[in-house]
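So the structure is just underneath, and the comments pick up after that.
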Amino acid sequence: MKYQPINSNLFVKNRKNFMAKMSENSLAVFNSNDIYPVSADSTLPFEQHRDIFYLSGVDQEESILVLFPDCPKPQYREILFLRETNEHIAVWEGDKLTKERAFEVSGVKTVFWLQDLEKVMSELMSYANTVYINTNEHYRANVETETREDRFTKWLRNKYPAHSVAKSNPILQRLRSVKDAIEIDLMQKACDITEKGFRRVLGFVKPGVWEYEIEAEYIHEFLRNRSKKFAYTPIIASGNNANVLHYIENNNQCNSGDLILMDVGAEYANYSADMTRTIPVSGKFTGRQKAVYNAVNKVKNEATKMLVPGTIWADYHVEVGKIMTDELLGLGLLDKADVQNEDPNWPAYKKYFMHGTSHHIGLDTHDYGLLHEPMQANMVFTVEPGIYLPDEGFGIRLEDDVIIQENESPFNLMRNIPIEADEIEDLMN
Ligand SMILES: [Mn+2]
């Protein structure tokens, strides 16, 4: 791990909150992700499942967390199962968690090696009536792979068919969407690292650079600041590439007169930053580019003000659409007739702004959060309007990450990342 140790109080508190929501005489199980194969003996870099990380801080493969708040044996109320390590194994496999270190990371006192799992589980299951299993119910999820969690769930339900089953996911969706102060510090760190990358790029971009060279500037700055990678596949899209919403090739040359849309964020300690900035290749916007830029920036600022406790996500999007419509009328991109005749299910503004404005962000870039429930203080959202103009050869999106606060406007985690058009021009020249 490149990140600095995290205060284990976070994980102690997260488990306590989760257990408070469990029904009587029940236990819950959480698994690590697999290490995914490529071919031959190659593997993808390990990415911990965010739920077991959230509840334990354990950032290691083949780990299992069991929570059983009513267990008659108090030492079994929280248990970690880890793959065995010792001095000899460490020579080959590197620095895996010892039982002592696992306690320091997680605050869990009872740690077994994985080979004790079946025996201990059979005792625990004899005390429990209900088992909480962890399924993926994220609104954007579309998973074809059988995860380690899925395999464990199959094994458990097959072996213990008389137990009733309950869902961990709704509990986690609610808990994970509201951030603790320790988490907010980690997210601020991810945003600050992203800022360093962006400032480096402002000094680097000039006509003739390639999109992948810009990508390289970001990752250089991320790694040297203890981020292990991009939080998501970066989009470095010059000219009309910006109008391909999921353009990730990043293999074109940037020409004078074009804009570059950069949707880039650093991860830090598994937390995501999600930033978008759009800058002129030459260091100077044209009049038209600046007018559209300022319209997007205005929609972003107005939308941000609506992210307050009690707001419903779907209603918020309707209101943002109205603000965007006004801006598009001002830019001459829509006329009154377009708006009067619009299909309420696909309003006229969607011709130029066809994606959502905000999503939860945290341990996942598109984080947990139940969108039909009202927004609450300490939820963190992106704000990311855009206007896409293929006929004019450019697209603009601007995106910050903000924390909802009680009784005031959101706190912007990206408040120090330049966004005003004039400031961008000054810094590039
Ligand atoms: Mn985003």
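Rule-based calculations on the coordinates, nothing more; no lab input. Keep in mind it's a predicted model, so treat the numbers as computed, not measured. FYI the Cβ positions are ideal-geometry reconstructions off the backbone, even for glycines, and counts take in every protein chain you see.
Of note:
- Note that the chain shows a convex hull volume over its alpha carbon atoms of 162 Å³ per residue.
- In straight-distance terms, cross-link reach from Lys206 covers every one of the lysines whose alpha-carbon lies under 21 Å from its own, apart from those fewer than eight places away in the same chain; here that gives Lys196, Lys284, Lys290.
- Once the Cα atoms are used to define both axes, helix 117-127 deviates from the longest principal axis of the chain by about 80 degrees.
- Proxy reagent accessibility, fewest Cβ within 10 Å first, across Ser358, Ser56, Ser42: Ser42, Ser358, Ser56
- Legend: calculated FRET efficiency, Lys109 to Asn86, from the Cβ-Cβ distance at R0 = 30 Å, rounded to 0.05, equals 0.90.
- As a proxy for reagent exposure, Arg148, Arg157 were ordered by neighbouring Cβ count within 10 angstrom, fewest first; the result is Arg157, Arg148.
- Distance in nm between pseudo-label sites at Thr130 and Asn9 (7 Å out along the Cβ direction from Cα): 3.1
- Extension gain (nm, one decimal) between Asn412 and Arg288, 0.36 nm per residue minus Cα-Cα: 41.9 nm
- Highest-MSF residue in the chain out of Tyr36, Tyr247, Tyr232 [GNM, Cα springs under 10 Å]: Tyr36
- C-alpha center-to-center spacing [segment 100-119, segment 333-392] in angstrom: 44
- Computed over segment 109-247, the convex hull of the alpha-carbon atoms projects to a mean area of 13.2 nm².
- Rh (Kirkwood; distinct C-alpha pairs) - segment 282-429, Å: 16.3
- By the count of neighbouring beta-carbon atoms within 10 Å, fewest first, Thr135, Thr98, Thr357 end up ordered Thr135, Thr98, Thr357.
- In a fully extended conformation the segment linking Tyr139 and Ser42 would gain 31.8 nm over its present Cα-Cα distance, using 0.36 nm per residue.
- Most fluctuating residue given options Ile235, Ile387, Ile89, as computed from a GNM of the chain linking Cα atoms under 10 Å: Ile89
- Of all lysines in the structure, the ones whose alpha carbon falls short of 18 Å from that of Lys322, not counting any fewer than 8 places away in one chain, are Lys298, Lys300, Lys305, Lys336, Lys350, Lys351.
- The alpha carbon centroids of segment 395-429 and segment 306-330 are separated by 18 Å.
- Per-selection Kirkwood Rh - segment 1-119 (Cα, Å, 1 d.p.): 15.2
- For segment 181-428, the Stokes-Einstein estimate of translational diffusion at 10 °C and a viscosity of 1.306 mPa s comes to 87 µm²/s, using the Kirkwood hydrodynamic radius over alpha-carbon pairs.
- Within a Gaussian network of the chain (alpha carbon springs, distance under 10 Å), most fluctuating of Asn169, Asn86, Asn129: Asn86
- Once the chain from Lys322 to Lys336 is taken as fully extended at 0.36 nm per residue, the excess over their C-alpha distance is 3.7 nm.
- For the chain, a crude dipole built from +1 on the beta carbon of Lys and Arg and -1 on the beta carbon of Asp and Glu, taken about the Cα centre, is about 920 debye to the nearest 20.
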